[in-house]
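Structure record follows, encoded as structure tokens.
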Amino acid sequence: MQPSSRERISVPLEPIFVLVEGVWEVAGLCGSLLLNVVGTAPSPAGEAALEVPFRADSGAAVTRMSLVQAEQLGLPIPSETVTRQYLTATGPITQIVREGRIRAFVPGWARQGPYDWPCVFIEDQPEMVPPLLGLYGVIQDLRLTFDGTSTPGAFFGNLIVDALR
């Protein structure tokens, strides 16, 4: 399916810095993608959706967000916790998570229903860490192209997001 112009957006790629042995290094590039996330309390006009910036990261297997932020957004959160190990740019980490789902729209697109993706809600995630948009589930609905061609306003290139359905 060839996406229409209303079903494509482009956002600048930004470097991800990590501190390695006292030195800041670029660990990768990501794009900050704004999504309208649907909570559990619908408005009189329909479903309540709040804009949430997600860091689209090709190295993230699953979408993830802090439990505190999910609660603030009114997302349905499972009560059962599980311990999972993840491999990050700085090495493996173990986290206590709740495995759930998020429903989200891309602002400005004509799609009538929200996308529905797996998401883990992290118990001890620092508030300063933005939600990550991972690949699992998402790449069935969206094509994420990390284009490293430098353009005005996007020195590191652009994340191009196309609707697949």
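Where a number appears in this text, it was derived from the coordinates with a stated rule and is not lab data. This one's a predicted model, so the numbers in the text were calculated from it and none came from an experiment. All Cβ positions, even for glycine, are placed from backbone atoms using ideal geometry, and neighbour counts span all protein chains on display.
Ordering Cys119, Cys30 by the number of other Cβ atoms within 10 Å of each residue's own Cβ, fewest first, gives Cys30, Cys119. Using a Gaussian network model of the chain in which every pair of alpha carbons under 10 angstrom is joined by a spring, one finds that among Val20, Val38, Val120 the greatest mean-square fluctuation is at Val20.
The distance linking the range 136-165 with the range 79-131 is 19 Å (Cα centroid to Cα centroid, whole angstrom). Calculated over the range 56-146, the projected area of the Cα convex hull averaged across directions stands at 6.6 nm².
Backbone geometry of the range 137-149 corresponds, through the Karplus equation with coefficients 6.51, -1.76 and 1.60 at θ = phi - 60°, to 3J(HN,Hα) couplings of x, 5, 6, 7, 10, 10, 9, 9, 10, 8, 9, x, 6 Hz, x marking Gly and Pro. Which residue, chosen from Gln140, Val23, Ser66, occupies the Cα position most advanced towards the positive end of the dipole of the range 5-163, where the dipole is computed from +1 (Lys, Arg) and -1 (Asp, Glu) charges on Cβ about the Cα centre? The residue sitting most towards the positive pole is Gln140. Subtracting the Cα-Cα distance of Phe155 and Arg101 from 0.36 nm times their residue separation leaves 16.1 nm of extension gain. I need the Debye-formula profile for the chain: one equal scatterer per C-alpha, no solvent, reported as log10 I(q)/I(0) at q = 0.10, 0.14, 0.16, 0.17 1/Å, two decimals. Debye output, listed in q order: -0.39, -0.77, -0.99, -1.11.
Based on the Cβ-Cβ distance of Asp141 and Val20, what FRET efficiency does E = 1/(1 + (r/R0)^6) give at R0 = 41 Å, to the nearest 0.05? About 0.75, to the nearest 0.05.
Taking all Cα-Cα distances within the range 96-165, those exceeding 17 Å account for 57%.
The GluC sites (Glu not before Pro) found in the range 44-114 that occupy coil by DSSP, while having at most 14 further C-beta atoms within 10 Å, are Glu80.
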